Amino acid sequence: MGLFDKLASAAAVRRDVVSDGGLVPFGVTVERLLSPTEGLVAGRRVILGGTNNYLGLTFDQGCIEAGVAALRAEGTGTTGSRMANGSYAGHLALEREIADFYGWPHAIVFSTGYLANLGMIGALAGPGDVLVIDGDSHASIYDGCRLSGAEVIRFRHNNPADLDRRLTRLGAQARNALVIVEGIYSMLGDQAPLAEIVDIKHRHGALLMVDEAHSLGVLGEQGRGLCEAAGVMEGVDFVVGTFSKSLGGVGGFCVSAHAELGLVRYTSRPYIFTASPSPATVASTREALAVLRRQPQLRERLWQNVTQLHGGLTALGFVLGAAPSPVLALMRESRDQALADWQQLLDAGIYVNLMVPPATPGGISLLRCSISAAHTPEQIKHILSAFAGLPRAQLPTGQAALV
Ligand code: PMP
């Protein structure tokens, strides 16, 4: 098959999900953003219910002003990597601040969260090493594994007994394995059983990396994520995360108590061979992190909204993917049903994420909402009344185990 033919058939898997006369779900244009929770789609005002903008900081005045000031003072971009062009003061300050937030001495900032996973996994592991990852891991973790060239062993999603079995089978090699899990999983919104995973990692002498992309600013007394909420910070070797969700910016990071994190700068291709974050991005992220620390009430608002939406959808009779979480996934019977529902919600002025195979675990089809502290109770009511118009489909046989 020719290169272009192969590309066309791979694209068709996603592109053929087009409703009659409707929008292409994976190509929606938000013509204008009106606020963290509203935008214009196809000329109509819609409530944005699938943004990962957990704390609603994309329009925070202080973050905007910090970004604008940096833009004026330092220009639009860094025009190269930190290795080639040098680090800006802002890069170093952001690294100090994110390390301080976690109470660990070492941090490294990457240009995106995707690159943080590629960069960390690829730097830590190589041919001859073993990576033991949750089967439902994000694409960036899978791609990092591929980049590393290490052996990859998947354990059953959120199944500590399976992780234990697989590490046991590795024997002495388990002592050099890197286990990778996520704080909140982005498809179903469920959390890793982290205390058990930390216990297992200790018993086998392995290292543990936790991706807190969806849990930073969301879980834990200070918003540090599931590691903090589960009380196991000292049992975790590396926390990776993104600035693109709760902090409303772009960029990724890794923090650790291990001094070896500093060596990653010399070996990590996704750190070395890409442009460093722009001054505006760094400045708005620094301010967003300060807001996250200063305003725990944002996290409280977020959870009030989660409670309202999760409770409302449950009362309407929907099957949800997990316990209350800022990521709420609604199972649909089939891909076609999910698409029809997605379109119906959009017609009712609500934008959510459509998730269908192959992007979903176990071949399920989902409507995914992500809730923001910036949603008003009225907006949540509006979302609920739109969902009330959807059929209360049952789970396809055999998929109850995924809930
Ligand atoms: N890890 C997880 C678990 C994610 O869900 C995402 C983004 N969806 C990333 C990493 C990548 O983050 P970024 O958007 O900053 O590249």
Task: Matching residues, the stretch 1-23, being at pLDDT 75 or above and either open to solvent by 40 Å² or more (accessible area, probe 1.4 Å) or under 20 Å from V352 (Cβ atoms) (or both) - done: M1, L3, F4, D5, K6, L7, A8, S9, A10, A11
Task: Residues located in the stretch 170-189, provided they are within 12 Å of the ligand (Cβ to nearest atom), under 24 Å from V264 (Cβ atoms) and part of a strand (DSSP E or B) - done: I180, V181, E182
TODO: Answer yes or no as to whether R203 is more than 16 Å from the ligand (Cβ to nearest atom) and out of contact with any strand residue (DSSP E or B) (no Cβ under 8 Å at 6 or more places or on another chain).
DONE: yes
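What number of residues within the stretch 147-164 are within 15 Å of the ligand (Cβ to nearest atom) and open to solvent by less than 10 Å² (accessible area, probe 1.4 Å)?
Total meeting the criteria: 0.
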- [ ] Consider L167 carefully, then state whether it is assigned to a helix (DSSP H, G or I) and either within 16 Å of the ligand (Cβ to nearest atom) or among the aliphatic types (A, V, I, L, M) (or both).
- [x] yes
TODO: Only residues that are surrounded by 17 or more Cβ atoms within 10 Å (Cβ to Cβ) and either over 17 Å from F238 (Cβ atoms) or touching a His at 6+ places or on another chain (Cβ under 6 Å) (or both): list them for the stretch 165-192, please.
DONE: R166, L167, L170, A174, I184, Y185, S186, M187, L188, G189, D190, Q191
- [ ] Determine which member of the set L339, L345 is at pLDDT below 95 and in a helix (DSSP H, G or I).
- [x] L339
Open item on the list: Please verify whether E300 is assigned by TED's automatic domain parsing to the domain that holds D211 and of a type in the set (D, E), treating the condition exactly as stated.
Closed with: no
- [ ] Mind listing whichever residues of the stretch 119-146 are open to solvent by 10 Å² or more (accessible area, probe 1.4 Å) and either within 11 Å of the ligand (Cβ to nearest atom) or among the acidic types (D, E) (or both)?
- [x] D129, D136, S137, H138, A139, Y142, D143
- [ ] Can you confirm whether the stretch 239-253 contains a residue that is in contact (Cβ under 8 Å) with a residue 12 or more places away in the chain, aliphatic (A, V, I, L, M) and farther than 18 Å from A116 by Cβ?
- [x] no
Open item on the list: I need the strands (runs of 3 or more DSSP E) fully contained in the stretch 24-118, keeping only those with at least 3 residues that are in the same structural domain as G248 (by TED's automatic domain parsing), open to solvent by less than 10 Å² (accessible area, probe 1.4 Å) and within 16 Å of the ligand (Cβ to nearest atom).
Closed with: 106-110
Open item on the list: Could you go through the stretch 337-351 and let me know if any residue there is touching a residue at least 40 places away in the same chain (Cβ under 8 Å) and touching a Cys at 6+ places or on another chain (Cβ under 8 Å).
Closed with: no
TODO: Would you point out which residue out of V291, V319 is of a type in the set (V, I, T) and under 23 Å from N158 (Cβ atoms)?
DONE: V319
- [ ] Identify, from the list G248, G262, G321, the residue that is of a type outside the set (D, E) and at pLDDT below 95.
- [x] G321
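The values are calculated or read from the model by the stated rules, or taken from the named source; none is laboratory data. Everything numeric in this text was worked out from a predicted model, so none of it was measured. Cβ: placed from backbone, ideal geometry, glycine included. Neighbour counts: every protein chain shown. Side chains are part of the model used for accessible areas, which takes the heavy atoms of the whole protein and leaves out ligands, DNA and RNA. Shrake-Rupley method; radii C 1.70, N 1.55, O 1.52, S 1.80 Å.
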